[in-house]
Each structure stands twice: as structure tokens, then as C-alpha cells.
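The structure appears below as C-alpha cells.
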Amino acid sequence: WILMTTAQTPTNIAVIKYWGKRDENLILPINDSISVTLDPEHLCTTTTVAVSPSFDRDRMWLNKKEISLSSDRYQRCLREIRSRANDFEDEKKGIKITKKDWENLHVHIDSYNNFPTAAGLASSAAGFACFVFSLARLMNVKEDLGKLSAIARQGSGSACRSLYGGFVKWNMGKNDDGSDSVAVQLADEKHWDDLVIIIAVVSSRQKETSSTTGMRETVETSKLIQHRAKDNRRLVSELHLIFLILILARVQSFRIIGCVEKWNSAEGSPQVCAILFSFDTSPQIDAGELTSINLSTKNGWRVFANAFVKTSAAAYTFDAGPNAVLIARNRKVAALLLQRLLFHFPPHPDTDLDSYVIGDKSI
Ligand code: DP6
């Protein structure tokens, strides 16, 4: 017999970024972060997991190519899920698996990203969230999403936020074992239904410096990171409060994201930008490597996007990857943004427009 299940998990875009770990093994961050989970339609991972007595070892395929499951990150997630597996029975198919059986049964995992992997589009977020969620379903794990988020976090930090839709906060937590470093939903995907996130896929090349390495170097060498962590704590708690008020009042204000990006941008708080793009990290991470749009173009983006930010119609953000993210208050603004975007930053004539700009309905 073979038993299988499929799950789909979207990626998320942080409006307050996670950057730096206090524990590299358990992936515990030095600051809280808040993100928006995208609609699964455009940027998501689909994972099918199967179990059968005929499988002789755990195996995984990513985008149709077999990959190794030997890394600590995969092993930790697998171990955590297996240890929580429960009895399963399907009388019709004659399948009966006891809690104990799961320890000796092997799984096959087939995962597919419908967007470029490791190009700064948080593929590890969608990937590990889906990995954990699909395995948990297969193994009849009864934990709530908060507990599962703490497991996904051990695969990739940002993955813990992808288990929920809408606006999500990752509490950095205080405990050494990471039990309180979990994601919580601030508002669900229906709350701000009209919000549109546009991701301009400037490059689908893989990042040369991973977030993990970049963060490690920042924490080890940056003098500014401590200031950021402190400042961030204050900002997140204020924002959290504002979010709660917004949710209670069901007000759909946009200024809040504008203010987040202002804080994130060079104009608002130079140290944050310096850390994200690692000017203050040694050896210096080549900004061109992390961001294939060069900085002058990036500033071009800022000038462009700021015109919208000023009217509180839109905001923008960059992750540690080449692609620019624009957040529009509603569909009308998004259409205008898209039109202007294509005018100011025309794609190469050979570019397939669909892959240049992904218009993504979000929360
Ligand atoms: C800039 O979650 O990919 O996107 O925990 O080492 O796997 P690891 O890093 P990852 O880092 C994401 C960094 C970021 C900001 C964010 O998503 O909060």
C-alpha cells in the first residue's frame, strides 16, 4: 500500500524583517518580525508526501530533481514531526499504522515551487512550511498551527510565518528551547482583501550569499545590529498594538505599511538598510550579489515608489534578494503602479511579461 497527501503553502513578505539569530541550530531570532502571506495562486510550494512499507529510505525531490535530506534543517523537522505522529487507520484500504510504526516507515517527498528557488522570493519559507505541514498531515499529527510553526522555524526562520494567511507576527520568544518562538496570526487573509502585492522579478538567479550566511556575518561583525534589535522591539510592539486596534476597528489604513518601509529604508533609519544590505558586515557582502538591481537603480525604485508612499497609496520593500516588492492599497492603485512601473522600468524586449512582474492578490 501507499498513503499520500498533498499540501500547498504560499510564501510571505516581511514588512518588519527578521535579520540575525540568537541560536543558529534552533533558528531563534534576535528580533520579532511581521509579514504578509501571499495568495497561493502565484508564489507557492506544493508538496506531496507519501509513505509505504516498500520505501527503504527517506527521499526528497525538489522541482523534479532529487535532493539530499541529510542537512540538519530537514532532519530536525522530520524528527520533530515523527515524534508527534499518531495512529492512523483506513479500513477501506486496509491500512493501519500505529504510533510506533512511524519510527520505521520511510517517506518520499515531492516538492515543487511555482517561482524561482533561492532568488530572494522566500522559497525556503514556503518550502519548509509546506514540508512540515504536509508531513504533519500524513502522520496524523494533532498539534495546532502555533506548534507546527515552531517546527517549521527550525527548517527556515521565515517559514514559521507561512503557516498562516494574512498578517502574521513571529514572536522572537525568550526561552532557550525556542518553545515560545512561534508565529501568531494578527489578521486573517480576508481582513484586507483588496491589498495587492506586486513583485518585480528582476532576477531569477539564485542568490550567491544565502540569508543564513549574510545574517551570521552581520551578527558577528556588525556594530549596528544591536541598535536595530532594540529599535525593532519598540517598533514591533507599537505596530502590534496598532494592528490590533485596526483589526478591532476594522479600519483598513495604509499608512502603517508606509511607516514600516520608511523605517526600513535608508532615509528613515540608515542603520537598518545598512545591515540588510550589509555595508557594515565583514567581509562586506557585495550589494550587487544580494541585489542584482544596482543601488542607483534601487534608489530609482525608491523615488518611484515614494511618490505613491507620500499619498499613502503604496509602499515598497526589498528582501535580501534582487527582487523589488511593491504593496498597493487596492486594485486601482495596483493597476496604476503596474502601468507606471512598466513605463519607468521597461523590461527587456525578450522578457516574458508574466515572469517580469507578478501581480499578486494578497491577504
Ligand atoms: C530578509 O528565513 O531565509 O527575508 O532562517 O537562515 O533560513 P534562515 O533565513 P530566512 O531569512 C529571511 C530573511 C528576510 C527577512 C524576513 O523574511 O523576515
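Coordinate-derived values only; no laboratory data. All figures in this text were calculated on a predicted structure; none of them were measured in a lab. Cβ: placed from backbone, ideal geometry, glycine included. Neighbour counts: every protein chain shown.
Report, in listed order, any pair from LYS65/LYS92; LYS21/LYS100; LYS21/LYS169; LYS64/LYS100 with a Cα-Cα distance greater than 24 Å. Provide the component values of the computation, followed by the final result.
Details: LYS65/LYS92 34 Å; LYS21/LYS100 35 Å; LYS21/LYS169 16 Å; LYS64/LYS100 31 Å.
Long pairs (Cα-Cα over 24 Å): LYS65/LYS92; LYS21/LYS100; LYS64/LYS100.
Per residue, the average separation of C-alpha pairs within less than 8 Å and at least 6 apart gives segment 1-115 a relative contact order of 31 percent. Once you have a ≥ b ≥ c as the square roots of the Cα gyration tensor eigenvalues for segment 22-142, tell me rounded if a/c is under 1.5, and otherwise prolate or oblate according to whether a/b is larger than b/c. Prolate, since a/c reaches 1.5 and a/b exceeds b/c. Sequence-ordered 3J(HN,Hα) estimates for segment 134-142 from the Karplus curve with 6.51, -1.76 and 1.60 and θ = phi - 60° stand at 5, 5, 4, 5, 4, 8, 6, 6, 9 Hz, glycine and proline given as x.
If you model segment 93-199 as an ellipsoid using its alpha carbon gyration tensor, with each semi-axis the square root of five times an eigenvalue, the axes come out at 27, 18, 15 Å, biggest first.
Under a model in which nothing but the beta-carbon of Lys, Arg (+1) and Asp, Glu (-1) is charged, segment 75-154 shows a dipole of about 180 debye around its Cα centre. Rounded, prolate or oblate: which one fits segment 17-66, using the alpha carbon gyration tensor with axes a ≥ b ≥ c (rounded when a/c is under 1.5, else prolate when a/b beats b/c, else oblate)? It comes out oblate by the Cα gyration axes.
Peptide packing: for 329-335, 183-189, 10-16, 70-76, the average count of neighbouring Cβ atoms within 10 Å per residue gives the ranking 10-16, 183-189, 329-335, 70-76, highest mean first.
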